Amino acid sequence: GPGQAEMYAGLQELGVANGEDLKETLTNCTEPLKAIEQFQTENGVLLPSLQYALPFLDLHGTPRLEFHQSVFDELREKLLERVSAIALEGKVEERYKKLEDLLEKSFSLVKMPSIQPVVMCVMKHLPKVPEKKLKLVMADKDLYKACAVEVKRQIWQDNQALFGDEVSPLLKQYILEKENILFSNDISFLQNFFSPSPKTRRQGEVVQKLTQMIGKNVKLYDMVLQFLRTLFLRTRNVHYCTLRAELLMSLHDLEISEICTVDPCHKFTWCLDACIREKFVDNKRARELQGFLDGVKKGQEQVLGDLSMILCDPFAINTLALSTIRHLQDLVGQDTLPRESPDLLLLLRMLSLGQGAWDMIDSQVFKEPKMEAELITRFLPLLMSFVVDDHTFTVDQKLPSEEKGPIPYPSTIPEAFTKFLQENRIACEIGLYYILHITKQRNKNAFLRLLPALVETFSDLAFSDIFLHLLTGNLTLLSDEFALEEFCTSLFDGFFLTACSRKENVHRHVLRLLLHLHHKVAPAKLESLQKALEPTKQSGEAVKELYNQLSEKLELRKPSPAEVTETPSMELPLPTVPTPAPR
C-alpha cells in the first residue's frame, strides 16, 4: 500500500535496496531465481561465516525473515545502548556532533517502525534538535505522539498554543478532582478537604504530569503560570492558586534549582508550606514570612501579584484563619487587645493580601491592600466578646443556682457583627471560621445565636463550597440536635433553604448532609424537607441524583402499615439536654 512505499522511501536515499528495487529487477530479468539469489547475496548480512549457516537454518524451516528480524532486533538494541552512551561520553561539542550526524543519516527512516525508536532515541539525547526536524515532527501527528518528552519540550517552548492544548485537559481534570472532594458523599469532621498534607497532595496525578512536562525548562514553567493566572482571572476559581503553589513545591521536592532560584516566591512558598503542614503559623515562621513581605523592593512590586496568588490558595487561607482564631482565644486569656498583637496583625495582613489576589492581578496595581482599622478595633474585639460570653455561660451553669433561676444564653447578635459579615471580606472569612470553630466544639447555643448572620454575607461566602463542605462535616458532631424541631428550623429554614433555589451548590450540600443524617431528623421535619428539596426542571444532574438516593433511603425507613397502628403516639420524646462542651 501507499503507507509501505512512504515508510521505506528513506531506504533509497541511503542507497539501500527496497521492495521496489526487487520488483524492478524481477520485471526486467530472464532468470528470476538467479536474480533473487543475487539480490539476497547483495543485500543480505555480509558475514562470510553466514554463507554456510543460512542453508542450515533453511533445512530447519526457519524463515529467512525470522532470522533477519532477530539479527536486526539485536543490532537495534546495541545501537540504542550506543546512542545513550555517546550522549554521556567525550567533550560536549563532540558528542552532540556525533548525534547530529547520526540524526542526519537516520531521520529519513523515521517512518519505519523498526528504525523509529533509534531516531527518537537520538533526538531525545540532543539538547537542541535542528529546527527543521522539529517542524517535520510537529507536522506529523504520529511522529509527535511517539516523541520523548525531552523533544516535545523543545517543540512546546516555541509553540504556546500547542503546549496549551496539552496542558488544558490536565487543568480541567485538576479542578474536577477538587470539586469531587468538596461534594463527596463521605461527610466527616475527621476527614475533610484540608486533611491531606501538602506532600501527599503534590503526589497527585496532575501535579506529577505537569512537573514531568516542565522538566527544568523555565520557559515552560512560566507558560504554565501564565495559564493559571489567566484562568484564575477568567473564573475566579481559587483552586488554580493551589496548583500554582503545588507545582512550585513539587519542583522544590525534586531540587530543580534551575526553576526554584528564578521564582521569586520560592522561599516564601516553602515557609508557608511548612505552616500549612502544621495547620498553624508559629512565631518563628511568622517572622520569616514577614521578612519576605517587608523585603519587597521598590520596582519589584509585581512579585506581590504572585505572592497574593500563593496566599489565596484555600489551604493557605485555611491555615491563616485557623491561626487567627487560636490567637484571638489566647488574647482573651491574656486580656490583650488585638491591636497590641503583632502576630495577629501579620496574619490579617497575609489574609488581606490573599483575599485581594484577584483584584490585584486584574487591576495590575501591585500594592498591599489597606487594612481597615475597624476590623482590628471593632470586629475582632466583638469576636472576643463572644468567646467571653461562652466562658461566662459555662461558669454560670456550674454555679449553685439558689433563687436566681437558670441564666439564658445570650440570643441576640450585635448588629455590627452582621454588618461586618456583609461588608468586609476579611471579617467575613474570620467570622465564618469562628462559626466552624464553635460547631466543632459542639457549642449548639453559640451556633444558633450566630447562624442568622450567615444568610447575607460578603459575596455570599457562607454559601461557598469550601465553607459548606467544612460546615456539613462539623455538623455531624451535633447530630443528636437534629431530632429537635427548633434546631432543624433554624438550620434548614433559617439558613440552607434561603439559598437552595438560587444556588445549585447549596442544594447539593443540604442533600449530602441529609443523606448522612436523615435517620437523626424528626420524621415530620424530614417529610417537609423532602418536599422543599425536590429538584425543579432547572436542577442539574447532580442534584437529581442525590435527591433520588435520599428518597430511596427514606423509602426503606418507612414502617410497614401493621406497625403503624400498634404504636400509640401519646409519648412525646424527651428533649435531650446537651452537656456543655469541655474546654
Notebook entry, point to check: Hey, among the residues in the range 212-237 that are surrounded by fewer than 20 Cβ atoms within 10 Å (Cβ to Cβ) and among the hydroxyl-bearing types (Ser, Thr, Tyr), which one's nearest to LEU254 (Cα to Cα)?
Noted result: THR230
Check: Condition test on ASP306, is it open to solvent by 10 Å² or more (accessible area, probe 1.4 Å), touching a Pro at 6+ places or on another chain (Cβ under 8 Å) and either part of a helix (DSSP H, G or I) or at pLDDT 95 or above (or both)?
Finding: yes
Checklist line | From PHE386, PHE393, residue being crowded, with 19+ Cβ neighbours inside 10 Å and assigned to a helix (DSSP H, G or I) | finding: PHE386
Margin query: Regarding the range 361-373, can at least one residue be identified that is over 29 Å from GLY295 (Cα atoms) and assigned to a loop (DSSP other than H, G, I, E, B)?
Written below: no
Margin query: Of the residues ARG425, ARG442, ARG449, only one is assigned by the TED database to the domain that holds ASP493, within 20 Å of PRO338 (Cα to Cα) and open to solvent by 10 Å² or more (accessible area, probe 1.4 Å); which?
Written below: ARG425
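Tally time: how many residues in the range 287-303 are over 21 Å from ARG277 (Cβ atoms) and surrounded by 16 or more Cβ atoms within 10 Å (Cβ to Cβ)?
Looking only at that region, the number is 2.
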Note to self: Based on this model, can you work out whether LEU126 counts as over 21 Å from VAL206 (Cα atoms) and part of a helix (DSSP H, G or I)?
What the structure shows: no
Next item on the list: Restrict the check to the range 477-485 and report whether at least one residue is under 19 Å from LYS444 (Cα atoms), assigned to a helix (DSSP H, G or I) and modelled with pLDDT under 95.
Entry: yes
Check: Can you pull out the residues in the range 135-178 that are open to solvent by less than 50 Å² (accessible area, probe 1.4 Å) and either among the polar types (S, T, N, Q) or part of a loop (DSSP other than H, G, I, E, B) (or both)?
Finding: ASP140, CYS147, ALA148, GLN154, ASN159, SER168
Next item on the list: Determine whether ALA245 is in contact with a Phe, Trp or Tyr (Cβ under 9 Å, 6 or more places away or on another chain), in a helix (DSSP H, G or I) and either farther than 20 Å from GLN355 by Cβ or at pLDDT 95 or above (or both).
Entry: yes
Note to self: Here is a list: THR476, THR457, THR489. Which entry is within 27 Å of the chain's Cα centre (by Cα), outside the structural domain of LEU348 (by the TED database) and more than 26 Å from ARG236 (Cβ to Cβ)?
What the structure shows: THR476
Margin query: Given the criteria in a helix (DSSP H, G or I) and open to solvent by 10 Å² or more (accessible area, probe 1.4 Å), does ALA316 qualify?
Written below: no
Item checked: Meets criteria (without any contact (Cβ under 8 Å) to a residue 12 or more places away in the chain, under 35 Å from the mean Cα position of the chain (by Cα) and open to solvent by 10 Å² or more (accessible area, probe 1.4 Å)) for ARG508 -> no
Item checked: Qualifying positions in the range 524-543 - in a helix (DSSP H, G or I) and either among the hydroxyl-bearing types (Ser, Thr, Tyr) or surrounded by 13 or more Cβ atoms within 10 Å (Cβ to Cβ) (or both) -> LYS525, LEU526, SER528, LEU529, GLN530, ALA532, ALA542, VAL543
Next item on the list: Might you let me know whether the range 98-117 holds any residue that is assigned by the TED database to the domain that holds LEU231, under 23 Å from GLY215 (Cβ atoms), surrounded by 13 or more Cβ atoms within 10 Å (Cβ to Cβ) and in contact (Cβ under 8 Å) with a residue 24 or more places away in the chain?
Entry: no
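The values are calculated or read from the model by the stated rules, or taken from the named source; none is laboratory data. Quick caveat: nothing in here was measured; it's all calculated off a predicted structure. Glycine also receives a Cβ, built like all others from the backbone with ideal geometry; neighbour counts cover every protein chain displayed. With ligands, DNA and RNA removed, areas are computed over all heavy atoms of the protein, side chains included. Shrake-Rupley method; radii C 1.70, N 1.55, O 1.52, S 1.80 Å.
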